[in-house]
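These notes concern the structure reproduced below.
The values are calculated or read from the model by the stated rules, or taken from the named source; none is laboratory data. Just so it is clear, the structure is predicted and the values come from calculations on it, not from any experiment. Cβ atoms come from the backbone with ideal geometry, glycine included; neighbour counts cover every protein chain shown. Quick note on the areas: whole protein, heavy atoms, side chains included, nothing else; ligands and nucleic acids left out. Shrake-Rupley method; radii C 1.70, N 1.55, O 1.52, S 1.80 Å.
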Amino acid sequence: MYRFFVKQEQIDMEEKKIHITGSDVNHIKNVLRMRQGETILISAGDNLEYTCLVSEMEAEEVIADISYVQEVGMELPSKIYLFQGLPKGDRMEYIIQKSVELGVHEIIPVAMKYCVVKLDAKKAGNKVKRWQAISESAAKQSKRSKIPEVHTVMSFKEAVVYAKQQDMILVPYENERGMEATREALKKVKPGQSISVFIGPEGGFSEEEIELLRQDAEVLSLGKRILRTDTAAICTMSMLMLELEEKTEGEC
C-alpha cells in the first residue's frame, strides 16, 4: 500500500478529508495511475497513520476520504541527529537512505577540515534538494511517520553549537581503543533523549576537531577495524536503534 506525506493543515478532520498537493498529485495520477476508491496511507509527522480512500482527482490536488486513524510506533523513542562529514561521490545519498531507514531524526552535512568534497553555495543547495528527496523516498519505503530533515551544509563550528542543544553527543573515533567506553556510552542512552552523533569524513577528524568535541561528547570506538565513513554512520545508527528499542520494550 502506498504512503504519502502531508502537512497538518491539509487534514480536515471535520470533513474527514485529506488534500494532497504538490508533486504527489502527478505521482498518484500519472505514475501510479491510481483510480478513485483505491486505498492509500497518509502520514503528517505526528505518529498517526491515516488510512484513506482516493475520492477525487483534480488538476492541482487529490482528495482522499479518511477511513480510520491509528497511532503507530514507527519512530525511535529518541531523536537522533546525525552530523555527517561530507563524503566523496554518492556516499552521502547512501548514508541518508540507510540512516532514515534506521530511524534518524535529522541529518546535518558538515564541512570538516579533511573533507575532500568542497561545495559552493549553489552546488550545496542543489545537493540538499536531492538529499531531501532521498530522505522522503526512504521514509516512504520504511513506513516512517515523518520525513527526516536534511539540513543545509554547516561548518564544523556551527555543527558543534547545534549539537550542544541536544542531551548527549556521541563521537565514534578511529583512534579510540577499547569497547568499554562504547558500552558505557550506550548504557547512558535513555529513551526520550535527543542524541547528536558526529561521523568524520574519509580523512577522519582533525586533532583540533576531536579535542573540541571531547569537551562535551562521549568518544567511543566501533571496533578494531577502520570503517569507511558510510559504514561508521550505519554502524552507529544500528547500535542506537537496538539499544533504544530494547530499552523501550523492557519498559512495556
For the pairs Lys79/Lys190; Lys88/Lys123; Lys88/Lys129; Lys224/Lys247; Lys79/Lys140, note any where the Cα-Cα span goes beyond 21 Å. Lys224/Lys247
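Among the GluC sites (Glu not before Pro) within region 46-126, which fall in a DSSP loop and have no more than 10 other Cβ atoms within 10 Å of their own Cβ?
On the way: sites: Glu49, Glu56, Glu58, Glu60, Glu61, Glu71, Glu75, Glu93, Glu101, Glu106; in loops: Glu58, Glu60, Glu61, Glu75.
Those that pass, being in a loop and sparsely packed, are Glu60.
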Rounded tilt (10° steps) of 91-101 against the dominant C-alpha axis of the chain: 60
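Work the Kirkwood hydrodynamic radius out for region 49-143: mean of 1/r over every pair of different alpha-carbon atoms, inverted, in Å.
15.9
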Quick one: Cα centre-to-centre distance for region 204-252 and region 114-160, in angstrom? 20
With a 1.4 Å probe and all protein chains kept in place, how much accessible area does Ser55 have, in Å² rounded to the nearest 10? 30
For region 23-142, build the charge dipole from Cβ charges (+1 Lys, Arg; -1 Asp, Glu) around the Cα centre, then report which of Trp131, Val100, Gln84 sits farthest towards its positive end. Gln84
Please list 3J(HN,Hα) in residue order for region 158-165, calculated via the Karplus relation 6.51 cos²θ - 1.76 cosθ + 1.60 where θ = phi - 60°; whole Hz, with x for glycine and proline. 4, 5, 5, 4, 5, 5, 5, 6
Got a sec? Which residues in region 43-73 would a label at Met1 touch, if it sits 7 Å along Cα→Cβ and we count backbone N under 18 Å? 43-56, 63-73
Region 1-68 - convex hull of the alpha-carbon atoms, volume per residue in Å³: 80
Rounded to the nearest 5, what is the percent of antiparallel bridges among the DSSP beta bridges in the chain? 45
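Within region 26-72, which trypsin sites (Lys or Arg not before Pro) sit in a loop by DSSP and count at most 10 neighbouring Cβ atoms inside 10 Å?
Sparse-neighbourhood loop trypsin sites (Lys or Arg not before Pro): Arg33, Arg35.
With +1 on the Cβ of every Lys and Arg and -1 on the Cβ of every Asp and Glu, and nothing else charged, how large is the dipole of the chain about its Cα centre, in debye rounded to the nearest 20?
920
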So, counting K/R as plus one and D/E as minus one, what does the shell of residues with Cβ under 12 Å around Lys164 add up to? -2
Stick to the Cα atoms of region 106-252, pair each with every other, and give me the Kirkwood hydrodynamic radius in Å at one decimal. 16.5
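For region 2-41, state the semi-axes of the equivalent ellipsoid (square roots of 5 times the eigenvalues of the alpha-carbon gyration tensor), sorted largest first and rounded to whole angstrom.
Numbers: eigenvalues 70, 29, 13 Å².
Working through the eigenvalues yields semi-axes of 19, 12, 8 Å.
What Kirkwood hydrodynamic radius do you get for region 114-177 when you take the inverse of the mean 1/r over all pairs of distinct Cα atoms, in Å?
On the way: mean 1/r = 0.0695 Å⁻¹.
This gives a value of 14.4 Å.
Hey, what number do you get for the chain at 222 nm if only DSSP H runs of n ≥ 4 count, each worth -39500 (n - 2.57), divided across all residues, to the nearest 500?
On the way: 7 runs with 84 residues, N = 252.
About -10500 deg cm²/dmol.
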May I have the convex hull volume per residue, in Å³, for the Cα set of the chain? 140
Just to check I understand the Karplus step: with θ = phi - 60° and J = 6.51 cos²θ - 1.76 cosθ + 1.60, what whole-Hz values come out for region 136-146, glycine and proline as x? 5, 4, 5, 5, 5, 5, 8, 6, 5, 9, 8
Counting Lys and Arg as +1 and Asp and Glu as -1 over every other residue whose Cβ sits under 15 Å from the Cβ of Val69, the net charge comes to -4
Helix 229-251 sits at what angle to the longest principal axis of the chain, using alpha carbons and giving 0 to 90 degrees rounded to 10? 70
